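For reference, the structure is listed below as structure tokens.
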Amino acid sequence: MDNVNQADFWQQRYEQDSIGWDMGEISPPLKAYIDQLPESAKDQAILVAGAGNAYEVGYLHEQGFTNVTLVDFALAPIKAFAERYPSFLAEYLVCADFFDLSPSHYQFDWVLEQTFFCAIDPIRRDDYVQQMVALLKPKGKLTGLLFDKNFGRDQPPFGGSANEYRQRFVPYFDIEIMEPCYNSYPARQGSELFIKLLVK
């Protein structure tokens with residue numbers, strides 16, 4: 001397996017425009033979720049980690065959310081996002097390894113998950129859970145999409161199942177929602193779970 005834990009791996013993929021699961025737009029389930037949020041959510045501290053081309057971050061920005069942090073450890077997609085959204089504050093564009101973010105510096109009300117979990121080396125999934133707990137405020141939430149599919153390969157995206165996810169998350173999160181998406185992007189129909197997990 002190529003080293004998906006290295007920024008260079010992803011930098012090259014973005015430079016070559018070879019992110020095979022990039023939809024080119026915000027994911028429909030996440031758009032629907034964002035659209036139903038109350039006005040009071042617009043100043044909450046939100047993290048989108050491993051954001052890549054960050055269509056969700058762009059949409060949040062367009063809808064008036066003011067405290068959204070984009071994190072990716074490849075510089076190429078961050079630069080491209082900054083060019084698309086010149087009014088987005090540079091201080092919220094963070095080129096760093098998610099696992100290196102310091103909880104003493106970063107604390108979020110909620111995290112929007114979109115293709116980051118499936119991109120990291122599966123051996124780091126428990127590390128992902130621990131870091132999410134550390135970065136979320138008390139009773140913070142992790143919400144978004146996870147693949148409900150075994151891709152049967154050693155390249156991202158890496159799939160999984162609801163049973164696996166429950167085993168990993170239940171010690172640290174209350175599972176409010178973990179169910180198949182009814183409004184997935186057409187190419188992903190039947191292969192996504194929508195999650196809403198609350199820190200215990």
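Assorted remarks:
- Antiparallel DSSP beta bridges within the chain, as percent of all bridges there, nearest 5: 50
- Phi angles of the range 183-196 translate, via the Karplus equation with coefficients 6.51, -1.76, 1.60 and θ = phi - 60°, into HN-Hα couplings of 10, 5, 3, x, 5, 10, 3, x, 10, 10, 10, 8, 10, 9 Hz per residue; Gly and Pro are given as x.
- D_trans [Stokes-Einstein, Kirkwood Rh over alpha-carbon pairs] for the range 102-200, 37 °C, 0.692 mPa s, µm² s⁻¹: 237
- Measuring how big the range 131-183 is from its alpha-carbon positions, Rg and Dmax come out at 12.7, 37 Å.
- Set of aspartates and glutamates near LYS31 by C-alpha distance (under 18 Å), chain-local residues within fewer than 8 positions excluded: ASP22, GLU39, ASP43, GLU56, GLU62, GLU113, GLU179, GLU192
- Accessible area in the full protein assembly, largest first, 1.4 Å probe, for LYS149, LYS79: LYS79, LYS149
- Simple Cβ-charge dipole of the chain, Lys/Arg +1 and Asp/Glu -1, about Cα centre, in debye nearest 20: 440
- Working note: Karplus 6.51/-1.76/1.60 with θ = phi - 60° gives the range 71-84 the couplings 10, 8, 9, 9, 6, 4, x, 5, 4, 5, 5, 4, 5, 6 Hz, where Gly and Pro are set to x.
- Mean ellipticity per residue at 222 nm, deg cm²/dmol - from DSSP H runs of n ≥ 4 across the chain, formula -39500 (n - 2.57): -7500 deg cm²/dmol
- The protection proxy used here, the mean number of other Cβ atoms lying within 10 Å of each residue, ranks peptides 30-42, 119-131 as follows, highest first: 119-131, 30-42.
- Modelled label reach - ASP126, point 7 Å along Cα→Cβ, the range 138-173 residues with backbone N closer than 11 Å: 168
- Amide H contacts under 5 Å for PHE108, placed H, 5+ residues apart: LEU136, LYS137
- Karplus-derived 3J(HN,Hα) values for the range 51-65, using 6.51 cos²θ - 1.76 cosθ + 1.60 with θ = phi - 60°, are 5, x, 6, 6, 4, 5, 5, x, 5, 4, 4, 4, 8, x, 6 Hz; glycine and proline are entered as x.
- Normalised by residue number, the volume inside the convex hull of the Cα atoms of the chain is 115 Å³ per residue.
- Taking all Cα pairs closer than 8 Å and separated by 6 or more residues, the relative contact order of the chain comes to 19 percent.
- The lysines within cross-link reach of LYS137, meaning a Cα-to-Cα straight distance under 19 Å and a gap of 8 or more places when in the same chain, are LYS42, LYS196, LYS200.
The values are calculated or read from the model by the stated rules, or taken from the named source; none is laboratory data. Values in this document were obtained by computation on a predicted structure and should not be read as measured data. Neighbour counts run over all protein chains shown; Cβ positions are idealised from the backbone, glycine included. All accessible areas refer to the heavy atoms of the entire protein, side chains included, with ligands and DNA or RNA removed. Shrake-Rupley method; radii C 1.70, N 1.55, O 1.52, S 1.80 Å.
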